[in-house]
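Novice: Can you read through this structure? Questions will come right after.
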Amino acid sequence: MNESYDKNTALAVLPPVGGGRLEDASLRAWLARSELSFNPRPRELLQVLTSELGLPYPEEGLAALRMWGQTGDRPTVWIAAADPVYLEPRLDHLCLHALRGDTVPPPDLRQLFNHLQETLAGERQYGFARLGSSGYLRAEEPMSTAAVPAYVVDQQPPGDFLPTGAHTAMYRNTVSEIEMALHEHDVNLRRVEEGKPPVNSLWLWGGGTAPEMTARPQPPLFADDALLYGFWESATAISDTWPGSFAACSEASSHGFVAVTPENDVRPETLRGYLDELRNLLHAKRVSRLVLLFRDGVRAEVRRSHALRFWRRSDALLT
């Protein structure tokens, strides 16, 4: 993005909207007048945002950017994300389940990563680390890793997302050793007894080194996402936590913004409140354009002039 980027646009990531979740008829009619599209394929969030903003997507080092966002310090070594997953054996394939957030409590994850560090690192040229609910693999020699996080692969066979090309043998060997070390660990045995999925593998993705810090114009970010933080930090751009409302985002930024709402709150009343706020910002001319990215793949581009499309009252994507 250059200095001529649209400073009057608000880009918002919102809860799912399809399947009749939006019960407010007025808001449905408002969205129906916008430019609506749908992409059902799960996508990595940073890639979606950089595409919308015209920013360069990192060729490598997504894990290092995420750690940068978590710690505030730029990692100086090669690192890959190593996030907990459950590989469910099915009749003729494996199905990956991403174990995100509080699905695996930090004490459980700490025990598992300590075990991996004690049993696998040793004299080898890599090590394991945990930060909150995120895991990392540090290696002295780079290896191929998956390009996307586990949530993109969730509920799908992982084979199509595995790395190819050079250094894949090291990847396969490392994952195999991790799975053997996690098998029948006390944490997993207890989780199975409690009816919870075991952490029987780690999804290695985003390997690489962090980019050098640069100065690049970007709209202010309001989110609780470490990877986004790291990307904004690498560009010396303004970022802050999600303040709880779009009105607060608008008050903190006079030149548009990017806001990512918490992904775990998908209540219809929450969605209704978010959309009502955004509509008010548009009507009050605080912004001239809204780009709304709903977590089920629906995209809406809304301008004030769309209010003249009074004949549009509904859309199949919303109902």
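The values are calculated or read from the model by the stated rules, or taken from the named source; none is laboratory data. Since the model is a prediction, treat every value here as computed from it, not as a measurement. All Cβ positions, even for glycine, are placed from backbone atoms using ideal geometry, and neighbour counts span all protein chains on display. Each accessible area value is taken on the protein alone, full model and side chains, heavy atoms only, with ligands, DNA and RNA left out. Shrake-Rupley method; radii C 1.70, N 1.55, O 1.52, S 1.80 Å.
Novice: With the condition kept exactly as written, say whether any residue in region 64-77 is touching a strand residue (DSSP E or B) at 6+ places or on another chain (Cβ under 6 Å) and either more than 20 Å from Asp240 (Cα to Cα) or of a type in the set (Asp, Glu) (or both).
Specialist: Yes, region 64-77 contains at least one residue that is touching a strand residue (DSSP E or B) at 6+ places or on another chain (Cβ under 6 Å) and either more than 20 Å from Asp240 (Cα to Cα) or of a type in the set (Asp, Glu) (or both).
Novice: Let me ask something else about it. Condition test on Pro198, is it within 19 Å of the chain's Cα centre (by Cα), open to solvent by less than 60 Å² (accessible area, probe 1.4 Å) and either without any contact (Cβ under 8 Å) to a residue 60 or more places away in the chain or more than 20 Å from Gln70 (Cβ to Cβ) (or both)?
Specialist: It is false that Pro198 is within 19 Å of the chain's Cα centre (by Cα), open to solvent by less than 60 Å² (accessible area, probe 1.4 Å) and either without any contact (Cβ under 8 Å) to a residue 60 or more places away in the chain or more than 20 Å from Gln70 (Cβ to Cβ) (or both).
Yes/no per residue for (1) farther than 15 Å from Val85 by Cβ; (2) among the small types (Gly, Ala, Ser):
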position	(1), (2)
Ala146	no, yes
Pro149	no, no
Val153	no, no
Ala166	yes, yes
Arg172	yes, no
Val175	no, no
Ala181	no, yes
His185	no, no
Leu189	yes, no
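Novice: So, in region 27-42, exactly how many residues are among the polar types (S, T, N, Q) and surrounded by 12 or more Cβ atoms within 10 Å (Cβ to Cβ)? It would help to see each step written out before you state the result.
Specialist: First, pick out the residues of region 27-42 that are among the polar types (S, T, N, Q): 34, 37, 39.
Checking the rest, the ones that are also surrounded by 12 or more Cβ atoms within 10 Å (Cβ to Cβ) come to 34, 39.
Counting residues in region 27-42 that are among the polar types (S, T, N, Q) and surrounded by 12 or more Cβ atoms within 10 Å (Cβ to Cβ) gives 2.
Novice: What strands (runs of 3 or more DSSP E) completely inside region 219-319 contain at least 1 residues that are more than 20 Å from the chain's Cα centre (by Cα) and either crowded, with 18+ Cβ neighbours inside 10 Å or at pLDDT 90 or above (or both)?
Specialist: On the way: elements: 257-260, 289-294, 298-303.
Here the list reads 289-294, 298-303.
Novice: Can Arg216 be described as in contact (Cβ under 8 Å) with a residue 60 or more places away in the chain, open to solvent by 60 Å² or more (accessible area, probe 1.4 Å) and not in a helix (DSSP H, G or I)?
Specialist: Considered against the rule, which asks whether it is in contact (Cβ under 8 Å) with a residue 60 or more places away in the chain, open to solvent by 60 Å² or more (accessible area, probe 1.4 Å) and not in a helix (DSSP H, G or I), Arg216 comes out as no.
Novice: Could you go through region 44-52 and let me know if any residue there is surrounded by 13 or more Cβ atoms within 10 Å (Cβ to Cβ) and either more than 16 Å from the chain's Cα centre (by Cα) or part of a loop (DSSP other than H, G, I, E, B) (or both).
Specialist: The answer is yes; a qualifying residue exists.
Novice: Among the residues that make up region 109-127, is at least one of them within 16 Å of the chain's Cα centre (by Cα) and outside any helix (DSSP H, G or I)? Show your work before the answer.
Specialist: Going residue by residue through region 109-127, those that are within 16 Å of the chain's Cα centre (by Cα) are none.
No, region 109-127 contains no residue that is within 16 Å of the chain's Cα centre (by Cα) and outside any helix (DSSP H, G or I).
Novice: Separate question: If Pro89 passes every condition in (1) touching an Asp or Glu at 6+ places or on another chain (Cβ under 8 Å); (2) open to solvent by 30 Å² or more (accessible area, probe 1.4 Å) but one, which one does it miss?
Specialist: The number of the failed condition is (1).
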